Amino acid sequence: MEPGPLTLHDYLYESKIENDLRYLIDTIARIGKQISYRIKSVELGVTGTQNVFGEDQKTLDVYTNDLVKNILMKSGLVSMLVSEEEDKAIEISDEYFGKYAVCFDPLDGSSLIDVNFAIGSIFSVYKGDSVLGRTGDEQVAALYIMYGPRTTLVLTVKQGTHEFILNDVGEYHLSRRGVKIEKEGKIFGPGDIKACSINKKYNELMRYWLKNKYKLRYSGGMVPDINHVLMKGKGLFTYPSSKDNPNGKLRVLFECHPMALLVEQAGGKATDGTGKRILEIENKKLDQRTPIYVGSEKEIEKAEEIMG
Ligand code: AHM
Ligand code: MG
C-alpha cells in the first residue's frame, strides 16, 4: 500500500524536537481546528468589552482567547502564557507547570471577521518560564494558523518554514516543505498607507512601488498579508511608524517576533526599517511595538534606503 501524505504529526516526529515541544505544537494545532470550526459557526458581533489596547472585542475574540488559555494552561506543557488580549501574563499552577513559555495572538485581524476576510492565530514559543529580557532569536518555534477558504498551519521549529493544510477529516497534511522567499519580487503589501500623508519617506516608498509597477496585495490582516509573501515566495509587507503610532502598530511578542522567525527561516528578511533585525529586538514589556518590514531581501533593502 502507498504511504499516505506526511502529516503534521509525522513531520514533528521526523524533526526530532523534544517530545514536549512536539506535544505542545500538536495541542496548538488541535486548538486551531476548533477555532476554524467556530469561525464558520459562531454568531458574530461586538460584545461591548474592550481589550487592553482599548479596541472593541468581537465575540470570537473572547471565545478564542479563552479557548487557547484554558487548553494550554492545563496542558502540562506550558510554564507561562501571554495573550495579546490580556495585560498580564497568565499564571500556570504548580500541578500543570511545564517547560515552555508561549505568547499568542488568539485571533489576529479580528476587525476583518465581519467582512469574511482571512484571519489567523499566531503563536511564539520560548523554552523556559520567561519571555521578558529575551530576544526573538531565542524562540524555539513559531507558527500561525490561517483561516481562509482553507485552513493552513505554517510552522517553523528552526528547520525551515513549512505549510500544512487541514483536510476534511481533521488532519494537517504537509503541503509545502521548505517555503522559500526569493531575493526580489515586485509585490507590495503596505500597512497603514494613511501614514503617507505625514510620513514623507513612506509616501516616497509608496510612489517607488507604484512607479515600478509592483503588484498590490494587501488585505488588512497581517497573517494573510505575510502568508502571501511566503506562499508566492516574493514581495514585501510593511507596517511603518507614524505620528499616531510612533513605534508602529504591531506587537513584538505576539505578531512581529513569530512572523519574523517564519520569514527568516524561509530565507527572507525582517527588519524595523532601519536595518535592525526584528529578531534582535529584546522583549522589554508585554505590549511593546515595532515598525516592521518583511519579505524579499532586496525589497527590504530598497525600502530601508528610501526610509533611511
Ligand atoms: P489586531 O491584533 O487588533 O487584530 O491588529 C493587528 C492587525 C494586523 O493583522 C494588520 O496588519 C493591522 O492590524 C492592520 O491595522 P490597521 O487596519 O489599523 O492599519
Ligand atoms: Mg494582533
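Listed values, structure above:
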item: Boolean, GLY221 is outside the structural domain of LEU107 (by TED's automatic domain parsing), within 13 Å of ligand 1 (Cβ to nearest atom) and at pLDDT 95 or above; result: yes
item: Qualifying residues in segment 96-123 (those that are more than 13 Å from ligand 1 (Cβ to nearest atom) and of a type in the set (Gly, Ala, Ser)) - the one surrounded by the fewest Cβ atoms within 10 Å (Cβ to Cβ); result: GLY98
item: In segment 121-139, the residues that are out of contact with any Ser or Thr (no Cβ under 9 Å at 6 or more places or on another chain), small (Gly, Ala, Ser) and within 16 Å of ligand 2 (Cβ to nearest atom); result: SER124
item: Qualifying residue in segment 208-216 (condition: in contact (Cβ under 8 Å) with a residue 60 or more places away in the chain and in contact with a helix residue (DSSP H, G or I) (Cβ under 9 Å, 6 or more places away or on another chain)); result: yes
item: Options VAL82, VAL68, VAL62, VAL78; residue that is β-branched (Val, Ile, Thr), open to solvent by less than 20 Å² (accessible area, probe 1.4 Å) and away from ligand 2 (no atom under 14 Å from the Cβ); result: VAL78
item: Selection count where residues are among the hydroxyl-bearing types (Ser, Thr, Tyr) and either closer than 14 Å to HIS162 by Cα or more than 12 Å from ligand 1 (Cβ to nearest atom) (or both), scope segment 240-270; result: 1
item: Flag if VAL131 is in contact with a helix residue (DSSP H, G or I) (Cβ under 9 Å, 6 or more places away or on another chain), surrounded by 15 or more Cβ atoms within 10 Å (Cβ to Cβ), at pLDDT 95 or above and not in a loop (DSSP other than H, G, I, E, B); result: no
item: Subset tally (residues that are within 18 Å of ILE122 (Cα to Cα) and either free of Cβ contacts under 8 Å to residues at least 40 places away in the same chain or surrounded by fewer than 23 Cβ atoms within 10 Å (Cβ to Cβ) (or both)) for segment 267-280; result: 2
item: Answer residue from segment 228-239, given it is more than 10 Å from ligand 1 (Cβ to nearest atom) and open to solvent by 10 Å² or more (accessible area, probe 1.4 Å) and is nearest to TYR147 (Cα to Cα) among those; result: HIS228
item: Residue count for segment 97-112, restricted to those that are farther than 16 Å from TYR63 by Cβ, in a loop (DSSP other than H, G, I, E, B) and within 13 Å of the chain's Cα centre (by Cα); result: 0
item: Filter pass, ILE92 being modelled with pLDDT of 95 or more, among the aliphatic types (A, V, I, L, M) and crowded, with 17+ Cβ neighbours inside 10 Å; result: yes
item: When residues of segment 173-227 are limited to those that are hydroxyl-bearing (Ser, Thr, Tyr) and open to solvent by 30 Å² or more (accessible area, probe 1.4 Å), the one nearest to ligand 2 (Cβ to nearest atom); result: SER219
item: Segment 186-216, residues that are away from ligand 1 (no atom under 13 Å from the Cβ) and touching a His at 6+ places or on another chain (Cβ under 8 Å); result: ILE187
item: Neighbours by Cβ (under 7 Å, 6+ apart or cross-chain): first from segment 13-42, among the small types (Gly, Ala, Ser); second part of a helix (DSSP H, G or I); result: ALA29/LEU8
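Let's see how each residue does on (1) outside any strand (DSSP E or B); (2) more than 21 Å from THR59 (Cβ to Cβ):
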position: GLU95; (1), (2): yes, yes
position: ASP114; (1), (2): yes, no
position: PHE117; (1), (2): yes, no
position: SER124; (1), (2): no, yes
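The values are calculated or read from the model by the stated rules, or taken from the named source; none is laboratory data. If you're wondering where the values come from, they're calculated on a predicted model, not measured in any experiment. Cβ atoms come from the backbone with ideal geometry, glycine included; neighbour counts cover every protein chain shown. For accessibility, only protein heavy atoms count, side chains too; no ligands or nucleic acids. Shrake-Rupley method; radii C 1.70, N 1.55, O 1.52, S 1.80 Å.
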